[in-house]
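Working notes, beginning with the structure itself.
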Amino acid sequence: MEMIKLDISNALTNEKVKEAYKALLPKGLECNTSLHKGDGKGSDFLGWVNLPSEVSPELLSDLQSTVDMLRRDCEFVVAIGIGGSYLGTKAVVEALSDSFAQLKGGDTPTLLYAGNHISEDYLYELLELLKGRKFGLINISKSGTTTEPALAFRLLKALLEAQEGKDFARAHIVAITDAQKGALRSLATTEGYKTYVIPDDVGGRFSVLTPVGLLPIAVAGFDIKALVQGALDMAHTLITETTAEVNLAVQYAAVRNALYLHGKKIEILANFHPKMHFIAEWWKQLFGESEGKENKGLFNAAVDLTTDLHSMGQWIQEGERNIFETFLSIETPRHKVIIPEDKADLDGLNYIAGKRVDEVNKMAEIGTRLAHLDGGVPNIRISLPELNEYYIGQLFYFFEKAVGISGYLLEVNPFDQPGVEAYKTNMFALLEKPGYEEQTAEIKKRLS
């Protein structure tokens, strides 16, 4: 099988950036080694490094049994989770699904999502949809007390038990949680739910290759063995490639840090395939939550092209020159559509008649990369031979390894997220949660 490719030539047109990149390469290689030795910051959260090789045939078989039960008995399956407990699954499912699958119908259950925000209208509409329908729940939370998923689970569990009875609910609720502790583990033990473990040493944004992602992705009908194999092959490549100039993760980490050091403070992930929108959302969490600390780190943004060329394209071309782009490209689409000739040619498109739509899209991509480069926007290109489970697995592991290296180059801990707690403290105080009385009093003073 082929491997994904990385082209950084359009990012190294500035001599100072090129010098910084060359200086960072050996440091990046040391950071890669440190990830495997476990002697850097956040070393207690490095379980993802060897995770692809630890997904056992027994686990995959067990997951498949649960998948078969849910697919047999349910019209809908709701995956409940937020952040890393949601985005990896959504990224794979949206990338590989037929764009109009829900309109076409089918024999497989529809995968839905909850607990990834707090929207009363969304939850009302979801509950209304599920009334009178057979559904199952996959509840994903290490603690079981994270507000967004816990709230959604409470509502959905109540509906499921009321409709189908406790026995059906017990058999069709799956808990993916901590091995021993937490509210969800206690509830699962009490109720007798089927459970899977989120490893202690794997943070949420690195958890897509654990049951967190594997179970719902398989429920949606996709090949998790190929996903894991892609990650495994990329992991093997990134540990055996001990020369910085050919290690893709080291190169990507080094070039983005070189650009950052020379005034490029925003990285825009751009794609020309709308199915990759949620891969970009997953990437935004992975890099933003890993690097945005100690007043450091690139700001991560994303655009879907050519769509956003008609909105954000003007700013990218001629706005502040504090940005660079990373393009995600798919070499070969799944389907073939030929542009027909029209006798009247009123739209003026006969000059491309007989060409594939993808050829037009590729020329738009090349033209955009050149235009943005001429406009002062360096760019990187990551290309996948095809959009399938195997290459998405490669891409996920590549980005995970790269962000670990990049965080170490920034000298931050890439594996914690202390800033995420700030909004929670304020929210709990405003809701007058027991134990937050002092914060409640303080925040009321601020708002008065």
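Here is how the numbers come out for the structure above:
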quantity: Sole residue being more than 22 Å from the chain's Cα centre (by Cα) and modelled with pLDDT of 95 or more, chosen from Val360, Val412; calculated: Val360
quantity: Test: residue in the range 379-402 that is open to solvent by 40 Å² or more (accessible area, probe 1.4 Å), out of contact with any helix residue (DSSP H, G or I) (no Cβ under 6 Å at 6 or more places or on another chain) and under 18 Å from Ser329 (Cβ atoms); calculated: yes
quantity: Residues located in the range 179-192, provided they are open to solvent by less than 10 Å² (accessible area, probe 1.4 Å) and touching a residue at least 24 places away in the same chain (Cβ under 8 Å); calculated: Leu184
quantity: Single condition Ala169 does not satisfy, out of (1) in contact with an Asp or Glu (Cβ under 7 Å, 6 or more places away or on another chain); (2) more than 28 Å from Ser119 (Cα to Cα); calculated: (2)
quantity: Output for the range 410-431, where each listed residue is assigned to a helix (DSSP H, G or I), open to solvent by less than 30 Å² (accessible area, probe 1.4 Å) and in contact (Cβ under 8 Å) with a residue 24 or more places away in the chain; calculated: Leu410
quantity: Val197 assigned by the TED database to the domain that holds Thr110, of a type in the set (A, V, I, L, M, F, W, C), out of contact with any Cys (no Cβ under 6 Å at 6 or more places or on another chain) and without any contact (Cβ under 8 Å) to a residue 24 or more places away in the chain; calculated: yes
quantity: Hits in the range 107-122 (condition: open to solvent by 70 Å² or more (accessible area, probe 1.4 Å) and either in contact with an Asp or Glu (Cβ under 6 Å, 6 or more places away or on another chain) or of a type in the set (Val, Ile, Thr) (or both)); calculated: Thr108, Ile118
quantity: Residues located in the range 432-444, provided they are exposed (fewer than 10 other Cβ atoms within 10 Å of the Cβ) and modelled with pLDDT of 85 or more; calculated: Pro434
quantity: Complete set of residues in the range 432-443 that are of a type in the set (Asp, Glu) and either touching a residue at least 24 places away in the same chain (Cβ under 8 Å) or outside any loop (DSSP other than H, G, I, E, B) (or both); calculated: Glu437, Glu438, Glu442
quantity: Enumeration of residues in the range 48-96 that are among the basic types (Lys, Arg) and either open to solvent by less than 40 Å² (accessible area, probe 1.4 Å) or not assigned by the TED database to the domain that holds Thr210 (or both); calculated: Lys90
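A quick yes/no check of all residues on (1) buried (at least 21 other Cβ atoms within 10 Å of the Cβ); (2) in contact with an Asp or Glu (Cβ under 7 Å, 6 or more places away or on another chain); (3) without any contact (Cβ under 8 Å) to a residue 40 or more places away in the chain:
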{"residue": "Gln229", "(1), (2), (3)": "no, no, no"}
{"residue": "Met234", "(1), (2), (3)": "yes, no, no"}
{"residue": "Ile239", "(1), (2), (3)": "no, no, no"}
{"residue": "Asn247", "(1), (2), (3)": "yes, yes, no"}
{"residue": "Ala254", "(1), (2), (3)": "yes, no, no"}
{"residue": "Ala258", "(1), (2), (3)": "yes, no, no"}
{"residue": "Leu261", "(1), (2), (3)": "no, no, no"}
{"residue": "Trp282", "(1), (2), (3)": "yes, no, no"}
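The values are calculated or read from the model by the stated rules, or taken from the named source; none is laboratory data. Since we're looking at a predicted model, the values are computed, not measured. Methodologically, a virtual Cβ is constructed for each residue, glycine included, from the backbone with ideal geometry; neighbour enumeration extends over all protein chains shown. Just so you know, the surface numbers come from the protein's heavy atoms only, side chains and all, with ligands and any DNA or RNA stripped out. Shrake-Rupley method; radii C 1.70, N 1.55, O 1.52, S 1.80 Å.
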